[in-house]
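> Let me begin by handing over the structure; questions about it come next.
The values are calculated or read from the model by the stated rules, or taken from the named source; none is laboratory data. As the structure is a computational prediction, the values presented were derived from the model and not from experiment. Don't worry about glycine lacking a Cβ; one is built from the backbone with ideal geometry, like all the others, and counts go over all protein chains shown.
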Amino acid sequence: MTKRPKSRSLRAVFDTDELEARFRTIVTLMYDTSVPLSILEEKICPYLAPDVVFGDPWLRSQGHQKIRMGMRGFHCAFRFEFDIHQLAIQPNKDGRGGRALIEGVMNLRSIPGYVYPLRSILTYDFTLNEQGEPRITHIEEMWSFGDMIKHAPLGVGWVYERFFRPAAGHFFVGFFWLACKLRGGPPEK
């Protein structure tokens, strides 16, 4: 168990193991739409700072009520759960907060009989209150548009993987060769 020394102005001890367990629970609840909305309200909302920011490749939003509504709405509109592959906590220098970094797969199940796996990295920036509980100040979801296209139904993913990506690979190798040639010759073999 990793603990940082107590800060003079902070009674809580930065307990990495306990925070990892807490963030594993937070992610498991937030990213599983079988969790009732009442449980989200009870178990997640108290950890959100009043000016919490949420961002992903599509949007950015700020404020406890907006993030709360987005979380509730996402649970009502889609079906999904998150498989955590890695989770790490990094304290900031003063030990009064830090960042949780979670890597895994969000399994979207909104199309009956089809699972849409989306590799994701989640970051949670947080501060610690006097009791050592996290207050989440920033949530960022990072996922690839390439993965979205790759796993798209109706043959879109197959065309993307089979034709577009190989063609793009040939194009860029040629482009880079030409760029090197124009600057004095191709790179050495």
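> If you check R96 against the conditions, is it within 18 Å of L128 (Cα to Cα), basic (K, R) and surrounded by 15 or more Cβ atoms within 10 Å (Cβ to Cβ)? If you could, list the steps in order and put the result at the bottom.
Details: within 18 Å of L128 (Cα to Cα): yes; basic (K, R): yes; surrounded by 15 or more Cβ atoms within 10 Å (Cβ to Cβ): yes.
The answer is yes for R96.
> Assess whether R135 counts as being in contact (Cβ under 8 Å) with a residue 40 or more places away in the chain and among the basic types (K, R).
Working: in contact (Cβ under 8 Å) with a residue 40 or more places away in the chain: yes; among the basic types (K, R): yes.
Yes, satisfied.
> A further question follows. Kindly establish whether I139 is within 17 Å of P46 (Cβ to Cβ) and in the same structural domain as V53 (by TED's automatic domain parsing). If you could, list the steps in order and put the result at the bottom.
Values: within 17 Å of P46 (Cβ to Cβ): yes; in the same structural domain as V53 (by TED's automatic domain parsing): yes.
Answer is yes for this residue.
> Another question, if that's okay. Which residue pairs have Cβ atoms closer than 7 Å, lie 6 or more positions apart in sequence or on different chains, and pair a first residue in region 20-33 that is assigned by TED's automatic domain parsing to the domain that holds L128 and at negative phi with a second residue that is β-branched (V, I, T) and loosely packed, with under 15 Cβ neighbours inside 10 Å?
Pairs found: L29/I39.
> Every residue in region 8-20 that is modelled with pLDDT under 95 and either closer than 27 Å to V115 by Cβ or acidic (D, E) (or both), please.
D15, D17, E18
> Between a residue in region 178-189 that is at pLDDT below 85 and any residue that is hydrophobic (A, V, I, L, M, F, W, C), which pairs come within a Cβ distance under 8 Å, given they are 6 or more apart or on different chains?
Listed pairs, sorted by first residue: P186/W177; P186/C180; P187/C180.
> Still on this structure: Report, by residue number, each residue of region 49-80 that is surrounded by 14 or more Cβ atoms within 10 Å (Cβ to Cβ), in a strand (DSSP E or B) and without any contact (Cβ under 8 Å) to a residue 40 or more places away in the chain.
Passing the criteria: only S61.
> Looking for something part of a helix (DSSP H, G or I), without any contact (Cβ under 8 Å) to a residue 60 or more places away in the chain, in contact with a helix residue (DSSP H, G or I) (Cβ under 6 Å, 6 or more places away or on another chain) and not basic (K, R) - is there at least one such residue anywhere in region 145-153? Working first, answer last.
Applying the first criterion (part of a helix (DSSP H, G or I)) to region 145-153 yields 145-150.
Still in the list and also without any contact (Cβ under 8 Å) to a residue 60 or more places away in the chain: 146-150.
Among the residues that remain, those that are also in contact with a helix residue (DSSP H, G or I) (Cβ under 6 Å, 6 or more places away or on another chain) are: 149-150.
Retained after the next criterion (residues that are not basic (K, R)): 149.
There is at least one residue in region 145-153 that is part of a helix (DSSP H, G or I), without any contact (Cβ under 8 Å) to a residue 60 or more places away in the chain, in contact with a helix residue (DSSP H, G or I) (Cβ under 6 Å, 6 or more places away or on another chain) and not basic (K, R).
> Within region 74-116, restricting attention to residues that are among the aromatic types (F, W, Y) and at pLDDT 90 or above, which residue is nearest to the chain's Cα centre (by Cα)?
Residues of region 74-116 among the aromatic types (F, W, Y): 74, 78, 80, 82, 114, 116.
Then drop every residue that is not at pLDDT 90 or above, which leaves 74, 78, 80, 82.
Numbers: F74: 15, F78: 17, F80: 14, F82: 10 Å.
Checking each candidate, the answer is F82.
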